[in-house]
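To start, the structure itself, in structure tokens.
The values are calculated or read from the model by the stated rules, or taken from the named source; none is laboratory data. On a predicted model such as this, the values are computed, not experimentally measured, just so you know. Cβ placement follows ideal geometry from the backbone for every residue including glycine, while neighbour counts extend to all protein chains displayed. Just so you know, the surface numbers come from the protein's heavy atoms only, side chains and all, with ligands and any DNA or RNA stripped out. Shrake-Rupley method; radii C 1.70, N 1.55, O 1.52, S 1.80 Å.
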Amino acid sequence: MFRHVVMLKFVDSATEEQINDVIVNLRTLPSRIPVIKSYTVERDAGLDPSRNSHVVILAEFNSKDDYLVYSTDSNHIDVIEKYIKPIIAQGGRSSVQFPVNQTKL
């Protein structure tokens, strides 16, 4: 299993409608990109709005290669270009990708 985690922080002028459009459109990706095994998109709970990101994406794939397919898929790129880039704050994207150890501690 291979996991991809992204946190997005938007500009102060981003509207609720724009942020909701990001979430709604990201949530369509699993039905359009078959390599996605698990996909969660959630909004921050608002406990520390001056420091926290606005949205988190947790995605799981069977392999690193499947992640690479997702990362370059035209559906994924389209959501980034149309909905995320217009409202992302400078330095407002942080991500990690890593293999998931199946052994429980």
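As a calculated quantity, the FRET efficiency between LEU58 and ASN20 at R0 = 22 Å, using C-beta atoms, amounts to about 0.75.
The trypsin sites (Lys or Arg not before Pro) of region 18-95 meeting both criteria, a DSSP state outside H, G, I, E and B (loop) and at most 15 other C-beta atoms within 10 angstrom of the site's C-beta, are ARG27, ARG51. Entry note, the chain: the mean residue ellipticity at 222 nm calculated from DSSP H runs of n ≥ 4, each adding -39500 (n - 2.57), is -7500 deg cm²/dmol after division by the residues and rounding to the nearest 500.
Taking ILE84, ILE33, ILE23 in turn, the Gaussian network model of the chain (Cα-Cα springs below 10 Å) assigns the largest fluctuation to ILE33. Subtracting the Cα-Cα distance of ARG43 and ASP12 from their residue separation scaled by 0.36 nm leaves 9.6 nm. Computed in the context of the full set of protein chains, the accessible area of region 3-45 at 1.4 Å probe radius has 49% of its extent on carbon or sulfur. Straight-distance candidates among the aspartates and glutamates for linking to LYS64, with alpha-carbon spacing under 16 Å and chain neighbours fewer than 8 residues away dropped: ASP73. For the chain, the direction-averaged projected area of the alpha-carbon convex hull comes to 7.3 nm². Determine the shape class of region 45-105: with a ≥ b ≥ c the square roots of the Cα gyration tensor eigenvalues, call it rounded for a/c under 1.5, and otherwise prolate if a/b is greater than b/c, oblate otherwise. Oblate is the answer for region 45-105, as a/c is 1.5 or above yet b/c matches or exceeds a/b.
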